[in-house]
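Undergrad: First the structure, which I've put down as structure tokens, then a few questions once you've had a look.
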Amino acid sequence: MSPFVRVNPGDLIQAQNLNQVVGSLNGTSGQGVAIAQTSVNDASNYALSVQNLEATNSRALNVLKSDGTLLIRADVNGVNLGNTTITGPTLSLPAASITNAELGPDVARANQLTNGGFEIWQRGNGPYTTQGAYCADRWILQIMGTDTLSVSRSGAGNGDVGSIWAAAANFTLGSGAGQSAIYQQLKLTTDNALQGKTLVFSLRVLVSGSAANVTRIELKSDGTGAQDVFSPFNIASAGYQTLVTPAINVPGNATAVTVAVYFAATNSTILIDNANLVVGSQPANYVPLHPADDLARCLRYYERIDAANNQAMVSGGQAYSVSAMTMNWPLKVIKAVVPTLTFAAGNQFAALSAAGGQIVGTSIAGANTGSDRASVTLNVASGLVAGNASNLIAANPGTAYMIAEANP
Amino acid sequence: MSVYVADFTSDTEWQVLHDEAGHGGTIDPATVKHTLNIDGTENHNFMVIACPVCDSVSTHPVGGGAQPASVQQMFVTHAQTSGCPCGQVVEGDPDALGESHIRLLVNRMDGPGRWVLG
């Protein structure tokens with residue numbers, strides 16, 4: 001594209017000189033001349049300003065694509081980028097135009113874990129030190145070799161955001177070679193449905209003494225082409241830090257997804273909090289569930305009734321002989337699978353007698369349990385009346401408990 | 001968790017853990033029995049195991065409940081050695097028959113994805 005040719009006073013004007021101008025104005029191919037980049041060296045003025053003095057619409061700029069559709073428009077309605085409108089502080093985007101990869105971590109997304117905040121400790125506050133034992137609800141200890149690991153609930157004011165409680169791990173490295181851990185496993189065959197999904201896992205840690213290289217986190221699944229990925233080790237820091245794994249793609253035939261916190265160096269207090277497993281390639285900040293929802297998730301796997309002496313435990317029982325009664329124990333939440341029922345020794349329970357006294361049990365067991373209710377049979381030496389109603393109560397010395405536990 | 005078998009040591013001795021209480025011990029496998037229905041018959045879907053230390057008891061469903069691997073193996077071992085109270089498996093039947101019967105019960109209770117034994 002040649003530049004316009006200047007015509008000096010007295011020069012003969014050739015048709016091509018005029019046609020170049022006309023062609024340029026008409027948009028003839030090869031005739032236009034691009035507007036030169038405006039060069040200024042001015043701290044206060046813009047290189048290019050366009051103003052439409054018409055006050056109603058203020059149509060200042062309209063830039064079209066070759067097909068005539070809108071590329072950029074600036075007027076009183078804001079700036080329109082073809083399919084994206086910016087109006088004052090508001091940005092409007094076409095529906096479904098932001099992919100997961102474009103999201104920031106402050107965009108809340110559903111946490112696939114149960115008790116990711118380590119807020120629920122139905123089994124007690126610890127310390128837990130046994131290989132394979134649960135500590136906080138749904139979190140299991142893995143202790144390898146001669147390592148020792150003690151996990152307890154960390155007191156209020158543990159210092160993390162969006163959290164009341166955390167898990168505090170006291171770890172001593174032996175021969176475990178960095179394989180001791182706390183983990184949670186999601187069973188895809190009977191419980192969670194994450195086959196074919198992309199997942200990413202994050203978790204916050206605070207390591208005493210600002211020690212580095214103490215802990216890291218893992219995300220893995222099984223199945224064809226399964227991935228097993230780790231975050232970097234924690235760095236030296238006096239505050240909480242967030243560890244993030246790479247994302248994995250869960251195979252379609254996967255049966256389990258596991259997240260874990262591994263310990264590689266001796267440390268007296270490793271605070272673990274705000275675990276978050278989300279669908280997508282981008283991690284998301286942990287958002288605490290409402291406590292009712294948090295507890296309901298945990299009750300899907302574990303619930304217990306504890307009672308002091310004479311406190312009622314299950315009502316609506318019926319004696320069917322002088323020495324046995326049966327009752328229905330409706331579970332608080334439907335379980336993931338049919339649960340195991342565990343009871344204190346039979347003499348910790350009693351049937352309520354017709355006179356309001358205790359008929360102390362000799363044995364107790366569950367029967368005909370479903371995922372939503374359990375039948376309980378209490379045997380006593382004698383004193384029941386077949387056909388009479390009764391309640392199950394705690395008996396002296398009063399350490400009665402009943403547990404329903406379903407681990408898919 | 002529960003009272004469960006940590007080691008099926010022999011025909012006469014199993015090692016039991018009551019992990020929530022932090023203790024365990026040795027039991028005679030013959031003390032692990034099916035629950036009784038109200039009519040007195042045995043229910044092949046449930047078995048009761050007692051802690052030898054504190055007498056707590058766990059009633060395990062054949063699906064596995066709190067400890068799927070241990071519990072399913074307990075039902076399989078029991079069926080292979082003593083048969084099943086429903087009569088489908090009797091003492092002396094091939095081991096595979098006992099295992100297949102228990103797997104059927106597991107599938108019926110918790111669905112086909114629940115079986116964890118090899």
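A short reminder: the numbers here are calculations on the coordinates, not readings from a lab. Quantities reported herein were computed from a predicted structural model and do not represent experimental measurements. Methodologically, a virtual Cβ is constructed for each residue, glycine included, from the backbone with ideal geometry; neighbour enumeration extends over all protein chains shown.
Undergrad: Given Cα pairs under 8 Å that are at least 6 residues apart, what percent is the relative contact order of chain A?
TA: Details: 983 pairs, mean separation 51.1, N = 408.
The value is 13 percent.
Undergrad: Also, quick follow-up: Using Cα pairs closer than 8 Å and at least 6 residues apart in sequence, work out the relative contact order for region A:237-375, in percent. Could you put the intermediate results ahead of the total?
TA: Details: 116 pairs, mean separation 22.7, N = 139.
Dividing the mean separation by the residue count of region A:237-375 yields 16 percent.
Undergrad: Oh, and also: At 7 Å along the Cα-to-beta-carbon direction for both A:ALA177 and A:VAL63, put a label point, then send me their distance in nm to one decimal.
TA: About 6.0 nm separates the two model spin labels.
Undergrad: Hey, what angle do you get for helix B:68-82 against the long axis of chain B, alpha-carbon based, 0 to 90 degrees rounded to 10?
TA: 60
Undergrad: Hey, another quick one. Using a 10 Å cut-off around each Cβ, can you sort B:VAL71, A:VAL244, A:VAL5 from fewest to most neighbouring Cβ atoms? Working shown, then result.
TA: Values: B:VAL71 26, A:VAL244 17, A:VAL5 11.
In order of increasing Cβ crowding within 10 Å: A:VAL5, A:VAL244, B:VAL71.
Undergrad: For region A:122-193, what does the relative contact order come out to in percent, with C-alpha contacts under 8 Å and a separation of six or more?
TA: Working: 125 pairs, mean separation 21.5, N = 72.
Once normalised by length, the contact order is 30 percent.
Undergrad: How do B:CYS86, A:CYS135 rank when sorted from fewest to most other Cβ atoms within 10 Å of their own Cβ? It would help to have the intermediate numbers written out before the result.
TA: Values: B:CYS86 15, A:CYS135 26.
Ascending number of Cβ neighbours within 10 Å: B:CYS86, A:CYS135.
Undergrad: What is the dipole size for the protein assembly as shown, taken about its Cα centre, with +1 at each Lys and Arg Cβ and -1 at each Asp and Glu Cβ, in debye to the nearest 20?
TA: Details: 23 positive and 36 negative charges, 227 e Å.
In debye, rounded to 20, the protein assembly as shown gives about 1100.
Undergrad: Taking other Cβ within 10 Å of each residue's Cβ, how do A:ARG59, A:ARG123 sort, fewest first?
TA: On the way: A:ARG59 14, A:ARG123 19.
Listing A:ARG59, A:ARG123 from fewest to most nearby Cβ atoms yields A:ARG59, A:ARG123.
Undergrad: On a 0 to 90 degree scale, rounded to 10, what angle separates helix B:95-110 from the longest Cα axis of chain B?
TA: 80
Undergrad: State which entries of A:LYS220/B:LYS33; A:LYS187/A:LYS332; A:LYS197/A:LYS332; A:LYS220/A:LYS332 exceed 27 angstrom in Cα-Cα distance in the structure shown.
TA: Pairs exceeding 27 Å: A:LYS220/B:LYS33; A:LYS197/A:LYS332; A:LYS220/A:LYS332.
Undergrad: For region A:170-190 and region A:90-137, what is the separation of their Cα centres, given in Å?
TA: 18
Undergrad: Efficiency by 1/(1 + (r/R0)^6): what FRET value for A:ALA43 and A:ASN100, r their Cβ-Cβ distance, R0 = 56 Å, to the nearest 0.05? Don't skip to the answer; put the middle values down first.
TA: On the way: r = 42 Å, r/R0 = 0.74.
According to the calculation, E is roughly 0.85.
Undergrad: If Lys and Arg each add +1 and Asp and Glu each add -1, what is the summed charge of the other residues whose beta carbon sits under 11 Å from the beta carbon of B:CYS51?
TA: With Lys, Arg at +1 and Asp, Glu at -1, the neighbours total -3.
Undergrad: Working from Cα positions, state the angle (0 to 90°, nearest 10) between the long axis of helix A:15-26 and the longest principal axis of chain A.
TA: So the inclination is approximately 30 degrees.
Undergrad: Work out the FRET efficiency for B:THR41 and A:ASN391 from their Cβ-Cβ distance, taking R0 = 30 Å, and round it to the nearest 0.05. Mind dumping the intermediate values first?
TA: On the way: r = 26 Å, r/R0 = 0.88.
Taking R0 as 30 Å, the efficiency between B:THR41 and A:ASN391 is 0.70.
Undergrad: If each residue of separation counts as 0.36 nm, what is the full-extension length gain between A:VAL107 and A:ALA296 once their alpha-carbon separation is subtracted?
TA: Numbers: separation 189, 0.36 × 189 = 68.04 nm, distance 2.39 nm.
Net length gain for the segment: 65.7 nm.
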